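Here is the structure we will look at.
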């Protein structure tokens, strides 16, 4: 029996994982070879694999939610355990001679079961993996260690699989890009009238909500072009969770357009959840509107198609954006970013319909431009990925196979948000008050992208991400995003009950609210909405928020218009149970108050128990005096005469250390002079 | 050593009859304490300079607290003086055939070793935040706890058969629980929590050592009484034959601690480092378990419990889960400092509190 008599394929979740498996399977299997696909019920493989006429078996599996104890982690462990047992049974029955996995959490149980059976000497099939993404998921990293070979799409990925990684490129199905227009036209179940410019829009196999909604919104502005244009829309298979792609799209159509309008739209618009014969659409399309997943971009390069790319931000390594920009630089694609906006008080991500329509119309009817873009896109094609993979699996040819090089490599990564944050924070530490984001990121377009990427973090379900987003917005000087921050601060959705029992309050947790205020302070935009938010923050249940509100007020100072209200809030704030908040309020009073309204309040703080509060009151008074607000100085002197100076703390001074420091400084100065 | 020698010599040689003193636990305890104190006082100055030369000094940590900045550069690994001094004193003054003592010494040395690895890793990385990984530390600690419980549950156990799986609580005469299924996980958890608590408390000059001395002294009293059949019966405690040697150990440790305080008092010339903190924590945990006083630690080591809990609650529940601070600062001593108390004042106040708690724990001897 030879290596390729019985091939077991696995991998899935999305078609981006299934299609490479099918492509590799088709390239490997000789006529008469038995092929079995193992996937997870209800995911893309259920739709796709069966259509290809392959037998499909299911195992249980779920994605790795991270090591932190949670219900999802428990489910993951249980699913993985059951999945491995199921996979073991399948492996024992099917007795494969080779196993090919293409990642996604689906492949994990099969790979682990194969490894266990191998240890027990019950299964000898070698395991081969293909990794489509630049940054492999945790499960694939573990599975990769057990595999005979890991074929990677991007050179950067090799470092995750030292020893057994091999650069192959993205394995595309043979039929993509190898079909002519007439055949394609004949195979569709709808008719595209001759002479129209065909736009093919799809957000991957599961569908992309912002893209789908944006496209439906754009139809209004496309109606006038209905005689020249034809839009094919792949809405996506997603029905799970919060988003039913097909129903949502149809619902939006119904909701936005009248019956007459819909009739017009139907003359140039067709929507389907999924296209099994996507090669036909590639053959017919003149322009694509797509996400920037590795699979899609590789297919577009193979088919030589120009695209309007809407990358999803904040994926590992931000690879969609990096890919999209690489194609944009080579003029093979145009990029349209999602924007994060406030709608009905909620922060959401969206694509503006008329903006999308405008970009589409500009591109679609510029034939020269389209053909230039098509040629540029084709340069990204990395040919013969399948050849590399099948030669390596068969053990043919000299190894390592020299990898096929595309004329234009896709650029893989952008600095992550956390890396960006530490760079910005380091700059703040260095330049203090004179900090400017431009000094860290000089390129204006770059800065604008980071701002919008940070904003898109605000829609993340994890508070840590939203917190990161808020911090970044402040440090990046994203003044245009102030409404988002204000919306976040006014969101009073309560935290889950369990969290409230332990001291949580709102879904936008304390740290987010505090950092949102810090960001507002940094951004320095003072408008009615900001002032209202600041006033509300003084009543926040979390002390750090109240404290930060006072600091922001001090920072804004004379620019505030509702001064009396702020002084009232601060005067109340000095009574805060929390000494930090009370102190911050006292200092802020010095910044914005006067002799009549602030001085008496500050002087009345003389008998506060904690010296830090008294000290803050003194600081406030100092500022008042410096600002020339105190006219009756002799009266101030008398009232200060008996100011209680009992203190429980002091700053130690180590003379030895001071001299040591002085010496070092003097040496450094001399060195500077010498140079 | 001297114990064996004295026992051997005094019945036969009248001139050496004063050596019969070694028969008395009290005499040996005092001698052990003095020995350890003097050893530490004698060796530490040399060690400080040695550590300074080797640059085994405190590394900066990003805690954001101003006074911590002044401390970078102070030699650490004071534990490397304290632990050998305790060991030497025990070798001189203890009856080394006591299994209680051997388990105790094993615990102290194991945890000192973990702490040493951590300190060394920090030195090598030149960063106070890059010690041994939390998982690595936990693994080594768990390994000891498992071995320790294994021995206690096995026929090798020094504990009387009837007492083996019993858990006592303060103020109650009878055992609360007698089941291996509860005892074993309880002790595992107890050893892990207590052994780390000193480490968390060890954040200010002299803060960890004095309460540790209090705890060890009280444990010493318990060891003396429970190792004595008459006292144990009188106080309605289980009699633990051979546990008396722990009194000598505890007083040796307390003595070494006092010697260490000589140098560690504000402003410190040396820190105990993880080597010292984990060794003290490990010894307290092992001592409580061997003397069946696990629950008493809630009172006796109340300060350590508060420090450890506040730090864990702040980090695990507050910062990581709820996304807010639950305490203004954690652990406890940083909170007090944040309120505006000078470090020296915080330390003295916490000494007072831990002293009161130790007295309270002593009172449970009779209040049952």
Original post:
In the stretch A:645-658, what residues are assigned to a loop (DSSP other than H, G, I, E, B) and surrounded by 11 or more Cβ atoms within 10 Å (Cβ to Cβ)?
Top reply: A:647, A:648, A:649, A:652, A:654
Original post:
Would you call residue A:555 touching a strand residue (DSSP E or B) at 6+ places or on another chain (Cβ under 8 Å) and either within 10 Å of another protein chain (Cβ to nearest Cβ) or assigned to a helix (DSSP H, G or I) (or both)?
Top reply: no
Original post:
Scanning the stretch A:643-675 for residues that are within 13 Å of chain B (Cβ to nearest Cβ) and in contact (Cβ under 8 Å) with a residue 24 or more places away in the chain, which turns out farthest from the chain's Cα centre (by Cα)?
Top reply: A:646
**OP:** Can you confirm whether the stretch B:292-299 contains a residue that is touching a strand residue (DSSP E or B) at 6+ places or on another chain (Cβ under 6 Å) and either away from every other protein chain (no Cβ under 14 Å) or free of Cβ contacts under 8 Å to residues at least 40 places away in the same chain (or both)?
**Re:** no
Original post:
Given the stretch A:1-104, what helices (runs of 4 or more DSSP H) lie entirely inside it while holding 1 or more residues that are modelled with pLDDT under 85, surrounded by fewer than 18 Cβ atoms within 10 Å (Cβ to Cβ) and touching a strand residue (DSSP E or B) at 6+ places or on another chain (Cβ under 9 Å)?
Top reply: A:44-51
Subject >> Single residue of A:564, A:550 found to be away from chain B (no Cβ under 14 Å), assigned to a helix (DSSP H, G or I) and over 23 Å from residue A:516 (Cβ atoms) >> reply: A:564
Original post:
Which members of the stretch A:228-257 meet the condition of being within 19 Å of residue A:366 (Cα to Cα) and free of Cβ contacts under 8 Å to residues at least 24 places away in the same chain?
Top reply: none
**OP:** Take the stretch A:183-215 and flag every residue that is in contact with a helix residue (DSSP H, G or I) (Cβ under 6 Å, 6 or more places away or on another chain) and without any contact (Cβ under 8 Å) to a residue 60 or more places away in the chain.
**Re:** A:212
**OP:** Considering each of B:268, B:279, B:306, B:330 in turn, give the residue that is surrounded by 24 or more Cβ atoms within 10 Å (Cβ to Cβ) and either in a helix (DSSP H, G or I) or within 14 Å of another protein chain (Cβ to nearest Cβ) (or both).
**Re:** B:279
**OP:** Within the stretch A:105-126, identify whether any single residue is within 24 Å of residue A:206 (Cβ to Cβ), in contact (Cβ under 8 Å) with a residue 40 or more places away in the chain and in a loop (DSSP other than H, G, I, E, B), and answer yes or no.
**Re:** yes
Subject >> Residue list for the stretch B:138-162, restricted to those being without any contact (Cβ under 8 Å) to a residue 60 or more places away in the chain and part of a loop (DSSP other than H, G, I, E, B) >> reply: B:154, B:155, B:156, B:157
**OP:** Go through A:99, A:82 for me and flag whichever is in contact with a helix residue (DSSP H, G or I) (Cβ under 7 Å, 6 or more places away or on another chain) and assigned by TED's automatic domain parsing to the domain that holds residue A:389.
**Re:** A:99
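This table checks each residue for (1) within 22 Å of residue A:340 (Cα to Cα); (2) at pLDDT below 90; (3) in contact with a strand residue (DSSP E or B) (Cβ under 7 Å, 6 or more places away or on another chain).
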{"residue": "A:439", "(1), (2), (3)": "no, yes, no"}
{"residue": "A:443", "(1), (2), (3)": "yes, yes, no"}
{"residue": "A:454", "(1), (2), (3)": "yes, no, no"}
{"residue": "A:457", "(1), (2), (3)": "yes, no, no"}
{"residue": "A:465", "(1), (2), (3)": "yes, no, no"}
{"residue": "A:471", "(1), (2), (3)": "yes, no, no"}
{"residue": "A:480", "(1), (2), (3)": "yes, no, no"}
{"residue": "A:489", "(1), (2), (3)": "yes, no, no"}
{"residue": "A:495", "(1), (2), (3)": "no, no, yes"}
**OP:** Could you list, in sequence order, all residues of the stretch A:127-160 that are crowded, with 21+ Cβ neighbours inside 10 Å, without any contact (Cβ under 8 Å) to a residue 40 or more places away in the chain and closer than 23 Å to residue A:76 by Cβ?
**Re:** A:127, A:129, A:131, A:136, A:140, A:144, A:150
Subject >> Residues located in the stretch A:532-547, provided they are touching a helix residue (DSSP H, G or I) at 6+ places or on another chain (Cβ under 8 Å) and either within 13 Å of chain B (Cβ to nearest Cβ) or buried (at least 21 other Cβ atoms within 10 Å of the Cβ) (or both) >> reply: A:533, A:534, A:537, A:538, A:540, A:542, A:543, A:544, A:545, A:546, A:547
**OP:** Please work out if residue B:366 is touching a residue at least 60 places away in the same chain (Cβ under 8 Å), surrounded by fewer than 16 Cβ atoms within 10 Å (Cβ to Cβ) and more than 11 Å from every other protein chain (Cβ to nearest Cβ).
**Re:** yes
Original post:
From B:36, B:31, B:85, B:27, which residue is assigned to a helix (DSSP H, G or I), within 25 Å of the chain's Cα centre (by Cα), under 25 Å from residue B:131 (Cβ atoms) and more than 14 Å from chain A (Cβ to nearest Cβ)?
Top reply: B:85
**OP:** Find the residue count for the stretch A:259-307, including only residues that are without any contact (Cβ under 8 Å) to a residue 24 or more places away in the chain and either in contact with a strand residue (DSSP E or B) (Cβ under 8 Å, 6 or more places away or on another chain) or crowded, with 22+ Cβ neighbours inside 10 Å (or both).
**Re:** 0
**OP:** Determine, yes or no, whether residue A:492 is under 29 Å from residue B:316 (Cβ atoms), touching a helix residue (DSSP H, G or I) at 6+ places or on another chain (Cβ under 9 Å) and either outside any helix (DSSP H, G or I) or within 14 Å of another protein chain (Cβ to nearest Cβ) (or both).
**Re:** no
Original post:
Would you pick out the residues in the stretch A:504-531 that are away from chain B (no Cβ under 14 Å) and in contact (Cβ under 8 Å) with a residue 40 or more places away in the chain?
Top reply: A:518, A:519, A:520, A:521, A:522, A:523, A:524, A:525, A:527, A:529, A:530
Subject >> From B:324, B:335, residue being within 10 Å of chain A (Cβ to nearest Cβ), touching a helix residue (DSSP H, G or I) at 6+ places or on another chain (Cβ under 8 Å) and free of Cβ contacts under 8 Å to residues at least 60 places away in the same chain >> reply: B:324
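Table: residues versus (1) within 19 Å of the chain's Cα centre (by Cα); (2) in a loop (DSSP other than H, G, I, E, B); (3) more than 30 Å from residue B:132 (Cβ to Cβ).
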residue	(1), (2), (3)
B:220	yes, no, yes
B:230	no, no, yes
B:237	no, yes, yes
B:258	yes, no, no
Original post:
Of (1) more than 9 Å from every other protein chain (Cβ to nearest Cβ); (2) surrounded by fewer than 18 Cβ atoms within 10 Å (Cβ to Cβ), residue B:346 satisfies all except one. Which?
Top reply: (2)
Original post:
Taking the stretch A:192-235 on its own, how many of its residues are under 21 Å from the mean Cα position of the chain (by Cα), in a helix (DSSP H, G or I) and surrounded by fewer than 24 Cβ atoms within 10 Å (Cβ to Cβ)?
Top reply: 3
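The values are calculated or read from the model by the stated rules, or taken from the named source; none is laboratory data. The model shown is predicted, which means the values in this text are computed figures rather than measured ones. Glycine also receives a Cβ, built like all others from the backbone with ideal geometry; neighbour counts cover every protein chain displayed.
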